[in-house]
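To keep things clear, I will list the structure first and then write my remarks on it.
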Amino acid sequence: MLATRPSGGPSSAADAAQSLTAVEQALRDPTTPPDRIAPLAAAQQLGYRSLAANPDWVPAVLAAVPVALRAAVQANITAGGELGLIPGPTPAAIPAWSILTPAPAAQLLADYHDAAAMAGVPWTVLAAIHLVESRMGRIRGPSTAGAQGPMQFLPSTWATYGAGGNIDDDRDAIFAAARLLAASGAPTTISTALFQYNHSTHYVRAVLAYASVMDADERAYLGYHGWQVYVSTASGTWLLPEGYRSPQT
């Protein structure tokens with residue numbers, strides 16, 4: 001599979017409000033067929049990317065979406081904005097990543113709940129970290145700092161919290177993240193614990209914003225599970241589909 005330029009998405013604030021309303025309602029509806037989740041997630045992700053690119057649309061979109069969805073829409077906007085504020089260089093080229101198909105949503109959800117029960121850490125925070133760090137395990141490849149695996153552990157930190165597991169295994173990495181957060185003060189001081197995970201207040205706010213959406217409605221997780229990998233480089237933004245493999249790997 002090849003990297004492609006992103007296409008589609010709302011063309012106005014009114015289109016964005018209409019699209020996000022339909023998508024967010026359908027994702028929360030238990031009668032929505034499972035085969036509809038992936039296209040709904042793709043439309044959802046494009047909607048929020050469009051808002052990030054057109055911040056002047058945000059007030060009109062928030063005013064237009066139903067009150068019941070407004071907090072979720074605002075939280076997703078906030079999370080995307082906070083992640084965009086994390087400092088770091090724009091890569092010159094697409095990183096040396098392979099893009100995998102994630103484990104089934106139900107399997108990962110069970111892993112989050114099991115790890116939460118073990119360590120007393122909110123499952124939604126573990127899911128939000130997984131989303132931010134690797135798009136639920138899609139990204140396989142080291143970070144510029146040398147972090148590895150679906151929850152992006154430095155090997156030295158993994159040696160402390162990995163419990164002899166596989167750094168590239170979703171379940172092992174989720175449990176390791178739960179141990180690290182618990183050792184850092186979660187759930188009592190979850191913000192402090194998250195700051196130990198990643199020393200950025202923008203990161204902490206983004207993770208908590210995504211977690212708040214899932215706290216309000218567990219089915220919101222299904223949308224996040226379907227989000228794909230976009231990467232911004234010096235030459236522009238690229239969509240890396242599942243099955244993509246960098247020539248550098």
How tilted is helix 105-119 with respect to the longest principal axis of the chain? Cα atoms for both, answer in degrees (0 to 90, nearest 10).
50
Take the Cα atoms of the chain, find their three principal axes, and give me the spread along each one in whole Å, biggest first.
50, 41, 34
Estimated distance in nm for a label pair at residue 168 and residue 90, the labels positioned 7 Å out from Cα along Cα-to-Cβ
3.2
Taking R0 as 51 Å and r as the Cβ-Cβ distance between residue 156 and residue 68, the FRET efficiency 1/(1 + (r/R0)^6), rounded to the nearest 0.05, comes to 0.70
Would you list 240, 85 from fewest to most Cβ contacts within 10 Å?
85, 240
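Tell me, what is the FRET efficiency for residue 199 and residue 232 to the nearest 0.05, using R0 = 25 angstrom and their Cβ-Cβ distance as r?
Details: r = 22 Å, r/R0 = 0.87.
My answer for the efficiency is 0.70.
Rounded, prolate or oblate: which fits segment 133-235, taking a ≥ b ≥ c as square roots of the Cα gyration tensor eigenvalues, rounded meaning a/c under 1.5, else prolate when a/b beats b/c?
Details: a/c = 1.38, a/b = 1.04, b/c = 1.33.
Rounded shape, in that the Cα axes give a/c under 1.5.
Place a +1 charge on the Cβ of each Lys and Arg in the chain and a -1 charge on the Cβ of each Asp and Glu, then give the dipole magnitude about the Cα centre in debye, rounded to the nearest 20. Working shown, then result.
Details: 13 positive and 17 negative charges, 76 e Å.
For this selection, approximately 360 debye.
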In a Gaussian network model of the chain with springs linking alpha carbons closer than 10 Å, the residue among 221, 230, 112 that fluctuates most is 230
Putting +1 on Lys and Arg Cβ atoms and -1 on Asp and Glu Cβ atoms, find which of 104, 47, 93 reaches farthest to the positive end of the dipole of segment 13-240.
93
Work out the FRET efficiency for residue 101 and residue 29 from their Cβ-Cβ distance, taking R0 = 25 Å, and round it to the nearest 0.05.
0.50
Tilt, helix 201-216 to longest principal axis of the chain (alpha-carbon atoms), in degrees rounded to tens, equals 70
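All of the numbers you see were taken from the coordinates with simple rules; none came from a lab. Since the structure is predicted, the reported quantities are computational estimates derived from the model, not experimental observations. Cβ atoms come from the backbone with ideal geometry, glycine included; neighbour counts cover every protein chain shown.
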